[in-house]
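For reference, the structure discussed in these notes is given below.
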Amino acid sequence: MVPARPETAADFDRLNPEDAIVSYITDFTPAVALGGGLLIGAAAVLLMAGIGRIAGISGMLHGLVSDGGNRGWRASFLIGLVAGAALYVLIWPGDIPARHGFPTLALIVAGLLVGAGTRLGSGCTSGHGVCGIARQSPRSMTATGIFMACGVVTAIVVRHLLGIGS
Amino acid sequence: MKRHILAAAAGVIFGFGLCLSHMADPQKVLAFLDPVGHWDPSLALVMGGALLVTFPGFLVLRRWQRPWADKIMHWPSATQIDRPLVIGAALFGIGWGIGGYCPGPALAALTFNPREAIIFLIALIVGGLAADRLAR
């Protein structure tokens, strides 16, 4: 018996067979979350041990565009990142569903805010969140607290009050 | 050359980890950020797993004089909690909560949702350049 309101990702798929792929309900996946997290941490430690750099993705992206002299290692890391993701998609095709139907305007506004915010605030989830907290940097801990709190409030407003993406 | 190989290897592991953890999936991120309804706490474990490695790892690396393939350790030097940090983190959080993408996952998404990833990444670059202009 399928409930009237979806409770799990599988319920959502049964209720929306024609649009199963856009399920906004996801299931708790502790094992792969922890495993993937360990890999992300290992990559950050390898980058610091290898070339003495913080694995901050926003800094690398902005630096590629504006810091002419030091592009090389940034490009190598970012190309590697896309290759690593491609490898996963090759091994497990379709495992990560491609969201569709999300409003393009919302996507553009999100990108502009993330770009301006990470540039002004000198970091994102990786540089401040993963690396900065591990360094016990008060700046990074402050930034992480702020972007987490703002992310939660925004997600609630956007999904429940504006009804976008759900 | 050695620097590039090390950076690329770290990138591959990072990108694979983003996908394995499903943090590259914006629906997963939004299901974490939005506790109203069907909260999915998975992302807390991604962050926790990463810190489990970086915390002790950086404690050891703090004592290194130089990395394998460079002359110095480029630890960040800024210590002040200033206005740009606070405003920037807030803007970033709002954008993250709208789209479900932060920079790393957006790059990973090039491989399974190129349409969304390209639109988001172009806007991200433009937003960064605009912030430079305004801050000047």
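The values are calculated or read from the model by the stated rules, or taken from the named source; none is laboratory data. This structure is a prediction, so every number in the text was calculated from the model and none was measured. For neighbour counting, all protein chains shown are included, and Cβ atoms are generated from backbone atoms with ideal geometry for every residue, glycine included.
Please state which one of B:F112, B:F58 is at pLDDT 95 or above and within 30 Å of A:D95 (Cα to Cα).
Among B:F112, B:F58, only B:F112 is at pLDDT 95 or above and within 30 Å of A:D95 (Cα to Cα).
What number of residues within segment A:130-141 are in a helix (DSSP H, G or I) and surrounded by fewer than 18 Cβ atoms within 10 Å (Cβ to Cβ)?
Count: 2.
Which numbered condition trips up A:G101, out of (1) touching a helix residue (DSSP H, G or I) at 6+ places or on another chain (Cβ under 6 Å); (2) at negative phi; (3) not polar (S, T, N, Q)?
Single failed check for A:G101: (2).
I'd like to verify a number: residues in segment B:118-128 that are farther than 9 Å from A:G111 by Cβ and either in contact (Cβ under 8 Å) with a residue 12 or more places away in the chain or not hydrophobic (A, V, I, L, M, F, W, C) (or both), how many?
Number satisfying all stated conditions: 1.
Using the structure shown, decide if B:R3 is facing another protein chain (nearest Cβ under 7 Å) and among the charged types (D, E, K, R).
Spelling it out, B:R3 is indeed facing another protein chain (nearest Cβ under 7 Å) and among the charged types (D, E, K, R).
If you take the residues of segment B:11-27 that are touching a Pro at 6+ places or on another chain (Cβ under 9 Å) and aliphatic (A, V, I, L, M), which of them is nearest to A:A75 (Cα to Cα)?
B:L18
Restricting attention to segment A:95-111, which residues are small (G, A, S) and more than 7 Å from chain B (Cβ to nearest Cβ)?
A:G101
Here's the yes/no breakdown for (1) hydroxyl-bearing (S, T, Y); (2) in contact with a Gly (Cβ under 7 Å, 6 or more places away or on another chain); (3) farther than 23 Å from B:A123 by Cβ:
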residue: A:W73; (1), (2), (3): no, no, yes
residue: A:F77; (1), (2), (3): no, yes, no
residue: A:L81; (1), (2), (3): no, yes, no
residue: A:L90; (1), (2), (3): no, no, yes
residue: A:T104; (1), (2), (3): yes, no, no
residue: A:A116; (1), (2), (3): no, yes, no
residue: A:S126; (1), (2), (3): yes, yes, no
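Being free of Cβ contacts under 8 Å to residues at least 60 places away in the same chain, under 19 Å from A:F147 (Cβ atoms) and either outside any helix (DSSP H, G or I) or more than 7 Å from chain A (Cβ to nearest Cβ) (or both) is the filter here, so list the residues in segment B:94-114 that pass it.
B:A106
Testing B:V60 on (1) surrounded by fewer than 17 Cβ atoms within 10 Å (Cβ to Cβ); (2) assigned to a loop (DSSP other than H, G, I, E, B), one condition comes back false. Which one is that?
(2)
Mind telling me which of the residues A:V65, A:V114 ends up being crowded, with 23+ Cβ neighbours inside 10 Å, within 7 Å of another protein chain (Cβ to nearest Cβ) and under 23 Å from B:F92 (Cα atoms)?
None of the others qualify; the one that does is A:V114.
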